[in-house]
């Protein structure tokens with residue numbers, strides 16, 4: 001496959017053409033170009049993947065030297081191994097389906113052209129991120145997807161709240177990215193290169209396991225990953241990022257961009273292996289995030305926010321996998337999550353599209369017979385999300401949990417956290433299904449999804465169901481892991497837990513044999529629900545300890561305290577000007593008098609001194 | 001030195017008295033013409049002092065300066081009278097207290 005460079009170039013060219021047309025392109029052409037370029041790119045990736053599966057050769061491609069400054073000469077170069085092929089397939093495959101879906105979803109929007117320009121730019125940047133052979137090029141893609149995320153979250157910029165959400169997403173991820181940039185500086189100064197493969201070799205030869213420097217470097221890289229992948233404590237931007245159009249949430253904030261942090265860790269896993277404390281931190285952060293987000297998802301009532309918190313929670317599983325060394329399982333979960341979460345978001349988008357932009361799940365209901373395609377998609381997506389047996393999510397999540405269990409010492413604790421998360425996932429995902437699609441109808445849909453929406457949904461349904469049977473070409477990439485065999489009882493427990501969650505959700509929200517009305521009515525229950533609804537009040541905490549002090553400092557600074565001195569000078573001279581101007585009476589005789597007396601005075605003094 | 005000898009002090013006293021008269025007139029009179037005349041008196045008192053000083057030390061400088069003062073006074077009067085005409089035309093008065101538009 002010769003034209004590897006075509007893969008990121010096609011969406012990039014399409015984005016440039018769409019941007020240069022400044023919205024004057026006919027809608028049909030813009031849509032065809034937007035979706036078509038990603039489709040062509042996906043076809044190229046399919047050819048590449050076919051070649052790759054046949055020979056399993058790592059492909060390296062150097063296009064040109066980006067810049068040459070002394071010893072530092074990063075290249076525009078691609079490194080294609082099994083991990084990259086998986087990521088590229090997910091990005092272009094799922095990306096193409098979402099672009100196709102977007103044509104119908106965004107058709108009535110006046111800025112269709114701008115939408116596709118940003119989306120194509122995003123795909124190009126994301127491809128650059130995963131294909132890069134050095135960390136600097138990776139960082140370029142990393143920041144590129146950040147910019148596109150900002151632009152697309154604030155896509156409907158006329159509502160100031162959307163702009164606020166976009167800025168929040170940008171600023172919060174910037175915190176992580178700053179740490180990551182520092183990490184890159186550290187790696188370059190210590191190891192003298194940023195090319196990933198030589199970097200790993202140099203790190204392995206120069207550093208011992210547990211040295212301070214690798215721990216510091218990986219901790220800084222981890223900061224970037226936490227910001228991009230919306231993990232504690234930098235996860236607050238993702239729920240607000242739902243302000244963007246729903247296909248954007250599906251592509252950027254569920255399937256691809258937010259998993260970039262996981263990719264970063266997997267790509268540099270040899271570096272992370274040198275830093276066991278960082279790996280432990282990753283595992284614990286993953287577990288904490290998945291639990292916090294799952295509890296929060298239980299109390300939400302906005303369909304997209306539930307999915308956003310479930311995304312944070314699922315990425316927590318991927319981080320757990322990275323932390324316990326189950327890299328292949330983590331990437332596997334990344335892929336299946338891309339399938340079923342994109343499916344869920346697109347189905348949610350279809351619901352929102354057909355229900356006059358209704359987001360509140362309690363004003364939906366009874367949609368099962370009215371939107372059958374959407375219902376089945378959502379059901380399959382939720383089943384995979386909850387990891388019901390034989391769906392794709394089941395295989396990947398099960399593998400992660402078993403790897404966690406097999407870890408010595410802290411393994412069972414991580415496993416228990418993940419298991420509790422799985423139970424909660426079952427409850428909140430089927431709570432969503434039961435409330436939205438069953439029960440009495442609240443709002444009538446005013447249209448049915450057309451083929452451009454249904455086809456991606458159906459294809460993603462197939463992937464979400466059968467994605468678990470794909471075997472990923474990751475054997476050469478990661479160390480042959482394979483955890484110690486675990487007893488069958490552990491496996492049965494992790495199979496049964498999501499089913500238990502489904503049962504609880506059924507009893508609570510459909511059969512109504514159980515009721516939590518009494519609990520919710522009590523003061524403690526109300527406070528707890530409020531606590532979860534507000535996302536553990538983390539937003540308010542940040543508001544209080546970071547945003548408020550900063551903005552009051554900015555307000556104080558806005559009055560320009562440095563200028564006090566200069567303003568005082570100005571007022572002093574103005575004051576003396578007024579006093580002195582009063583002496584100018586305009587009366588000639590007054591001038592003569594003062595002059596004469598002044599003269600007399602001067603003469604007196606001079607003569608006194610002379611004698 | 002032949003002829004009438006007038007002591008220097010007397011001449012200087014006279015010049016001082018003339019100067020004081022002129023200054024008092026300048027300060028006290030409001031009419032611009034009288035102010036100009038007072039100025040002339042002051043100039044002449046200075047000229048007188050120069051003459052006396054020149055005579056006292058037998059130098060020609062005093063008389064030279066006297067000539068200079070005469071010409072300056074002539075120039076001053078011509079400019080001053082021009083100003084007087086303008087003031088009369090603009091303010092319809094010669095009272096300098098009325099012409100105080102340059103106050104700060």
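The values are calculated or read from the model by the stated rules, or taken from the named source; none is laboratory data. Since this is a predicted model, take the numbers as computed values, not measurements. Neighbour counts are summed over all protein chains in view; Cβ atoms, including those assigned to glycine, are modelled from backbone coordinates with ideal geometry.
Evaluating residue A:202 against the criteria (1) more than 24 Å from the chain's Cα centre (by Cα); (2) touching a residue at least 12 places away in the same chain (Cβ under 8 Å) leaves one unmet condition, (2). Taken over segment A:116-130, the criterion of being surrounded by fewer than 24 Cβ atoms within 10 Å (Cβ to Cβ) and either more than 26 Å from residue A:224 (Cα to Cα) or in contact with a strand residue (DSSP E or B) (Cβ under 6 Å, 6 or more places away or on another chain) (or both) is satisfied by no residue. Just to verify a result, which residue in segment B:84-98, among those that are surrounded by 12 or more Cβ atoms within 10 Å (Cβ to Cβ) and free of Cβ contacts under 8 Å to residues at least 24 places away in the same chain, is farthest from the other protein chains (Cβ to nearest Cβ)? Top of the filtered list is B:88.
Residues are listed down the side, and each one gets a yes or a no for (1) assigned to a helix (DSSP H, G or I); (2) over 12 Å from the mean Cα position of the chain (by Cα); (3) modelled with pLDDT under 90:
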position	(1), (2), (3)
A:144	yes, yes, no
A:167	yes, yes, no
A:182	yes, yes, no
A:221	yes, yes, no
A:225	yes, no, no
A:233	no, yes, yes
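Yes/no matrix, rows are residues, columns are (1) in contact with a helix residue (DSSP H, G or I) (Cβ under 7 Å, 6 or more places away or on another chain); (2) buried (at least 24 other Cβ atoms within 10 Å of the Cβ); (3) not in a helix (DSSP H, G or I):
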{"position": "A:382", "(1), (2), (3)": "yes, yes, no"}
{"position": "A:389", "(1), (2), (3)": "yes, no, yes"}
{"position": "A:397", "(1), (2), (3)": "yes, yes, no"}
{"position": "A:404", "(1), (2), (3)": "yes, yes, no"}
{"position": "A:409", "(1), (2), (3)": "no, no, yes"}
{"position": "A:419", "(1), (2), (3)": "yes, no, no"}
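Just one residue in the set A:610, A:596 is within 14 Å of chain B (Cβ to nearest Cβ), within 30 Å of residue B:39 (Cβ to Cβ) and free of Cβ contacts under 8 Å to residues at least 24 places away in the same chain; that residue is A:596. Yes or no: residue A:589 in contact with a helix residue (DSSP H, G or I) (Cβ under 8 Å, 6 or more places away or on another chain) and within 14 Å of chain B (Cβ to nearest Cβ)? When the stated conditions are applied, residue A:589 passes them. Kindly indicate whether residue B:103 is more than 14 Å from chain A (Cβ to nearest Cβ) and either in a loop (DSSP other than H, G, I, E, B) or surrounded by fewer than 17 Cβ atoms within 10 Å (Cβ to Cβ) (or both). No; evaluated as a whole, the condition is false for this residue. Restricting segment B:60-82 to residues that are more than 15 Å from residue B:43 (Cα to Cα) and touching a helix residue (DSSP H, G or I) at 6+ places or on another chain (Cβ under 8 Å) leaves a set whose member that is farthest from the other protein chains (Cβ to nearest Cβ) is B:60. Can you say whether residue A:527 is modelled with pLDDT of 85 or more and away from chain B (no Cβ under 14 Å), as far as the supplied structure shows? So residue A:527 passes the test. In summary, residue B:46 fulfils each of the numbered conditions (1) within 14 Å of chain A (Cβ to nearest Cβ); (2) modelled with pLDDT under 90 with the single exception of condition (2).
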